[in-house]
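To start, the structure itself, in C-alpha cells.
The values are calculated or read from the model by the stated rules, or taken from the named source; none is laboratory data. Please read these numbers as outputs of a predicted model, since none were measured by experiment. Glycine also receives a Cβ, built like all others from the backbone with ideal geometry; neighbour counts cover every protein chain displayed.
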Amino acid sequence: MAQPASPSGWPAWWLRRGLLTWVLWPLSLLFFALTGFRRALYHLGLLKTVRVAVPVVVVGNLTVGGSGKTPLIAALARGLQQMGWHPGIISRGYGRNPTDAASLAVQENSDPALCGDEPVLLARLTGCPVQVGRRRVQAARDLLAAHPAVDVLLSDDGLQHLALARDVELVVVDQRLWGNGLLLPAGPLRELPGRRRDATLGPAEALQRIDGGGRHVVLMRALGAFYRVVGDERLSPAQFAQRFSGQPLGALAGIGHPGQFFSMLRAAGLQVSGVAVGDHKPLAETDFAAFDANCPVLITEKDAIKSAHLSPALRERLWVVGLRLELPDDLLPWLHQKLESARGHPTS
C-alpha cells in the first residue's frame, strides 16, 4: 500500500528550513533563473501573449498544490451569474490522463480520469461551461467558440501560464502561506511572493502576515451539508454532529491541504481520524484500510467525484461534506467594475 500523504499536502522540508533545504537550494536558484528568463521573453515580446475576446480572471496561487481555488471559483461564478454575467471556466485539468494539446469540454457527468476531478466538480457546482486543456489559450478559444454567450472567463490556476492575457489576477492563500519561503524544489513557491496582483484572498490570520499583494480579501470557510454518496439523505452540520456525537469517524481527503479539512471537522465537534491521500490521485480501496470496517467515512466533494468505481459496500459508508465559502459584500461589485473596464480590449 502506498504511503499516505502529509496532512499539510507538502513534504516536511517545505514547511521549515533544514539540511535537505540547503542541499536543494542551488536547484532553487536555477529554477529562479529559468522562470525569470521565461518571464523576460514574454515582457520583451519574444514569446507571445494572446488576448481572447472576453475579460479573463485568473485565480491561482504562488505555491504548489491547492489552497482553496476551486470553491472560490465556484463562488465567483455563481456571484457573477447573479449579476448578469455569463461566465465560462477553463482549467489545466490536473490528474487527467490525456497528454495531447487538444482541449476537452467538461460535463457534470464527465469521467475525472479524462478531464480532472476539479473541472468536473466546477461543472456540477456552477452549471457553467468548463473546458480543460494543457494550452489555456486553446481551451479559452474552444470554449468561446462553443458558447458565444460567455462574456467572462475564470481560469482555474494559470498565474504562471503567461501565454494567456488576463485582466484580473487573484492569488489565494491558506494557513501554510509560503511554507519555508523558498522556491522549488527547496520550498513550495513557484514564484516569489512579491508578484504584482490585483488581490490576495484567504483567511485573516494568513493575510495579516502579508505585506502588499494588492487588495486583501478575507474569505470565511464553513462546512456545508453532509450527504451520503449512496441515497439522498442530507443533514446539516449540526444534525450530523448530533447523530454521530461521540462516535469515531473516518475522514479521507485527496486535496491540496487535507489537514484543513480534518481541522474543520474536529472544530465541528466530530471525532475524526484523518487519512490524507495524494491530490488528484484516483481513490483506491486500500486508501480506506486504516478505518474500521463499519466506520462512516467523511470525504470532500472533490473526492466524491472519484468514488464511482469503489465497491458498493464501501460507498454505503461514505458521507460527502460540502464547503461553504462566504465572500465579503464588496468583492463582487469590485470585480464587476474591473470586468466592465476590461470589456472591448482588442483580441490577439
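Scanning region 188-247 for residues that are part of a helix (DSSP H, G or I), of a type outside the set (S, T, N, Q) and over 29 Å from Leu170 (Cβ atoms) turns up Ala238, Phe240, Ala241, Arg243. Within region 308-338, the set of residues being under 19 Å from the mean Cα position of the chain (by Cα) and within 21 Å of Pro248 (Cβ to Cβ) comprises Val320, Val321.
From the list Leu76, Leu122, which one is assigned to a helix (DSSP H, G or I), closer than 24 Å to Ala199 by Cα, among the hydrophobic types (A, V, I, L, M, F, W, C) and touching an Asp or Glu at 6+ places or on another chain (Cβ under 8 Å)?
Just one listed residue meets the conditions, Leu122.
Those residues that are aromatic (Phe, Trp, Tyr), within 30 Å of Asp157 (Cβ to Cβ) and surrounded by fewer than 20 Cβ atoms within 10 Å (Cβ to Cβ), I need them from region 223-276; list them, please.
Quick first cut of region 223-276, residues aromatic (Phe, Trp, Tyr) only: 226-227, 240, 244, 261-262.
From what is left, the residues that are within 30 Å of Asp157 (Cβ to Cβ) are 226-227, 261-262.
Listed by number, the list holds a single entry, Tyr227.
When Thr70 is tested against (1) out of contact with any strand residue (DSSP E or B) (no Cβ under 6 Å at 6 or more places or on another chain); (2) assigned to a helix (DSSP H, G or I); (3) farther than 26 Å from Glu191 by Cα, exactly one condition is not met: (3).
Could you please give the count of residues in region 141-158 that are part of a loop (DSSP other than H, G, I, E, B) and modelled with pLDDT of 95 or more?
First pass over region 141-158, keeping only residues part of a loop (DSSP other than H, G, I, E, B): 147-151, 157-158.
Imposing the further condition that a residue be modelled with pLDDT of 95 or more reduces the set to 147-151.
Final tally of qualifying residues: 5.
Of all residues in region 97-143, those that are touching a helix residue (DSSP H, G or I) at 6+ places or on another chain (Cβ under 9 Å), of a type in the set (D, E, K, R) and surrounded by 23 or more Cβ atoms within 10 Å (Cβ to Cβ) total 2.
Go over the candidates Ala12, Ala33 one by one and state the one that is exposed (fewer than 11 other Cβ atoms within 10 Å of the Cβ), under 30 Å from Val168 (Cβ atoms), outside the structural domain of Leu283 (by TED's automatic domain parsing) and without any contact (Cβ under 8 Å) to a residue 24 or more places away in the chain. Don't jump to the end; show me each part of the working.
Working: Ala12 fails: under 30 Å from Val168 (Cβ atoms).
Exactly one residue qualifies, and that residue is Ala33.
In region 202-227, the residues that are among the aromatic types (Phe, Trp, Tyr) form Cβ pairs under 8 Å with partners that are outside any loop (DSSP other than H, G, I, E, B) and surrounded by fewer than 19 Cβ atoms within 10 Å (Cβ to Cβ), at six or more places apart or across chains, as follows: Phe226/Arg234; Phe226/Leu235; Phe226/Gln239; Phe226/Gly322; Tyr227/Arg234; Tyr227/Leu235; Tyr227/Gly322. For region 292-325, what are the residues that are touching a residue at least 24 places away in the same chain (Cβ under 8 Å) and aliphatic (A, V, I, L, M)? Scanning region 292-325 gives Val297, Leu298, Ile299, Ala304, Ile305, Leu310, Leu314, Leu318, Val320, Val321, Leu323, Leu325.
For region 326-336, the condition of being in contact (Cβ under 8 Å) with a residue 24 or more places away in the chain and surrounded by 21 or more Cβ atoms within 10 Å (Cβ to Cβ) holds for at least one residue. For region 41-62, the condition holds for no residue, the condition being that it is surrounded by 15 or more Cβ atoms within 10 Å (Cβ to Cβ), assigned to a helix (DSSP H, G or I) and not hydrophobic (A, V, I, L, M, F, W, C). Kindly evaluate Ala289 against the criterion of being touching a residue at least 24 places away in the same chain (Cβ under 8 Å), at negative phi and either surrounded by 21 or more Cβ atoms within 10 Å (Cβ to Cβ) or not aromatic (Phe, Trp, Tyr) (or both). Yes.
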